Each structure stands twice: as C-alpha cells, then as structure tokens.
1. Which of (1) over 19 Å from the mean Cα position of the chain (by Cα); (2) surrounded by fewer than 19 Cβ atoms within 10 Å (Cβ to Cβ) does residue 149 not meet, given it meets every other one?
2. Is it the case, given these coordinates, that residue 179 is crowded, with 23+ Cβ neighbours inside 10 Å, at positive phi and outside any helix (DSSP H, G or I)?
3. In the range 291-309, what residues are buried (at least 19 other Cβ atoms within 10 Å of the Cβ), farther than 19 Å from residue 71 by Cβ and either touching a strand residue (DSSP E or B) at 6+ places or on another chain (Cβ under 6 Å) or not aliphatic (A, V, I, L, M) (or both)?
4. Within the range 62-88, track down each residue that is among the basic types (Lys, Arg), in contact with a Gly (Cβ under 7 Å, 6 or more places away or on another chain) and at pLDDT below 95.
5. Just the residues that are without any contact (Cβ under 8 Å) to a residue 12 or more places away in the chain and crowded, with 20+ Cβ neighbours inside 10 Å, please, taken from the range 103-146.
6. Here's a check for you: in the range 133-176, which residue that is charged (D, E, K, R) and in a helix (DSSP H, G or I) is nearest to residue 18 (Cα to Cα)?
7. Mind checking which residues of the range 295-323 are among the basic types (Lys, Arg) and more than 22 Å from the chain's Cα centre (by Cα)?
8. From the residues in the range 5-31 that are modelled with pLDDT of 50 or more, surrounded by 16 or more Cβ atoms within 10 Å (Cβ to Cβ) and among the aliphatic types (A, V, I, L, M), which one is nearest to residue 47 (Cα to Cα)?
Amino acid sequence: MMVLVGVTPLNAATEKSYSDNAQARGFIERMVAQHGADRGELQALFAGAHYKQSIIDAMTRPAEKVKLWKDYRQIFLTEKRLRQGLQFWREQRLWLEKAEAEYGVPIEYVVAIIGVETYYGRYAGNYRVVDALSTLAFDYPARSPFFTKELEHFLLLSKEQKLDPAELKGSYAGAMGYGQFMPSSYRAYALDYDADGVADIWANPADAIGSVANYFVKHGWQRGEGVVVGASIAADYNSELVNKLVKPKLTLAQLAEQGFSPVQDMSPAVKAIPLRLQGQAGVEFWLGLQNYYTITRYNHSFRYAMAVVQLAEQIAEARARGE
C-alpha cells in the first residue's frame, strides 16, 4: 500500500479547495487503484489543496514567450547574478568539478542553469507544489493531461523520498529545487550525488549539481562540443527555418544553401538550427548546435537557452580572470 508521509491538511478560508472537485475525486480513485494509495490520506491532502488564480495568470504570460530577447536577457544577465554565480562556483567547486569530469558538462553551464532557475537556490518558489499542480491539473484545461501526470509523479516521489506532499514548495508550474525539476524529471534524473541516502534537490547543492549534469547528458549533451555560434546571413536567407526548436537535422553545408553561415570555421558536417533574436543593437543571427538544443529540453524556449549560454560565458570568463 502506498502511504503518504505526514499529510497535514490545511484550512482554506478564502480559496476553494479540491475536496469536492470531481476531477480530483477521479484522480484519487486512480491513485488508489493503480498505486495502492491511501484514499483517506489523499482526500485529506486535496481538502487542503487550493486553487490559485495567480498560477493561471502566470501560465498565460511566461516571460520567455512574451518578451523580446533584448528585454528577456536583462532579467538574467546581471552583475548580481554573475557575482553570485562565482560565489556558488567557489563554494561548490569540488562537486562541480566531479560532475564535469563524470558527465562532460562544463561547470559554467551547470552553474548558469541553477543561476537562471533559482538564483543559486535563493528563489526556488513559494507555491506549495500540491496547490500548483492541482490548479493546473483540474482548472487549466489546455494542459490538464500533462499536469495531471505531473501530480501523479509528485505523489509518487513524495512517497519514495519520504517527504510531506503538503509541505513541499516550488514554482507556479510545480517545478522544484535548485534546478527546478518537474516531478517526472525528478523521478527520472535526480541523483543522490553525495550518497547520503536521499536525492535532495531542495536543500542539497551536491545533489542538485549532479542532477542537472545528469539531465543534460540524458538529453543529448555532447562532451567537448560547442553550444552556439554567431551566424552571417545572405540577403535571401530562408526565414522559415529560424527559431524552430527541433533537433538539429540540417548540416552547416545545407544551411549555407539556405543563407546561414557560421562566423568561424567549422566542419560543414556539424548540424545546427538557425536563430534570429532581437538584440539591443538590432537583429542577431545564431546557429544553435546539439548542446544548445539540449538546453532547450530544460525549458522549451530559444530565449531561455541563450540566456543560459551567455550567463555561462560571463561566469567562465570572470572565473578565468581570477574573479
């Protein structure tokens, strides 16, 4: 039998709970039938889970989809985030070096992901995950199937990690910990990197570092390869190819025929996806390689991936200068 640890229902004074929600009741019955969950504990949990309108509002206007690159990059490429990234590198150097050696993901990219996601663990989200996932599973029809599955994974990982599902906090989308893993990603890719018996990505930076590196490798990171390169364009370049977040299929030789060329010498057999971004000084063109595409598996946004790339480059350059 599946037993949830320490479920503590909350009293909802102003926001509706999911105690009488038909979808929630159906979900509970599926959890009982498929996973042996305790019906009473789940009923208590959802009686204390509350609808959050602010979550629905946030889902409809994510910055990575509504802001131009020149505005989006200013959120993440700041002096403060750079300095705190260098501090995180110094504090976690041994774990970062271990992860780089074992997984082949450069330290600066692991640091940058954690920096972009949570300011190095400082802002990991203030929503209770059960509220976020319940709201999106039962009151956000556009993506209800996805978030219903994430809610299932969340309850399973709570049991597996012996955590209280009523207490865990994360983002408005239900992402958790230093690296903001969704529950399914947590179960698939989170590591107990320091071998203390728990894969803790909320409070243990070692586990978070190993988990991010593991996620990258499992999504196709290529050790020792580049990430993105600037591009020059022909006047008649094929604009229909830009900003398509698909796995790179066209070689640089083929892209040259479509009007895109790297600004540095590279093998014509390398595969890439062309990017067009609205920068501060005008339109920028780039070629995203396989490792760039891997970053977009973390967040399906070409702006997000470029923010990670440029923050990583800034951190690595500052580190090389001895800062």
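The values are calculated or read from the model by the stated rules, or taken from the named source; none is laboratory data. Not measured: the values here are computed from a predicted model. FYI the Cβ positions are ideal-geometry reconstructions off the backbone, even for glycines, and counts take in every protein chain you see.
1. (1)
2. No; evaluated as a whole, the condition is false for this residue.
3. Those that are buried (at least 19 other Cβ atoms within 10 Å of the Cβ), farther than 19 Å from residue 71 by Cβ and either touching a strand residue (DSSP E or B) at 6+ places or on another chain (Cβ under 6 Å) or not aliphatic (A, V, I, L, M) (or both): 291, 292, 293, 294, 296, 298.
4. 70
5. none
6. Per the criteria, the residue is 139.
7. 319, 321
8. Out of the qualifying residues, it is 24.
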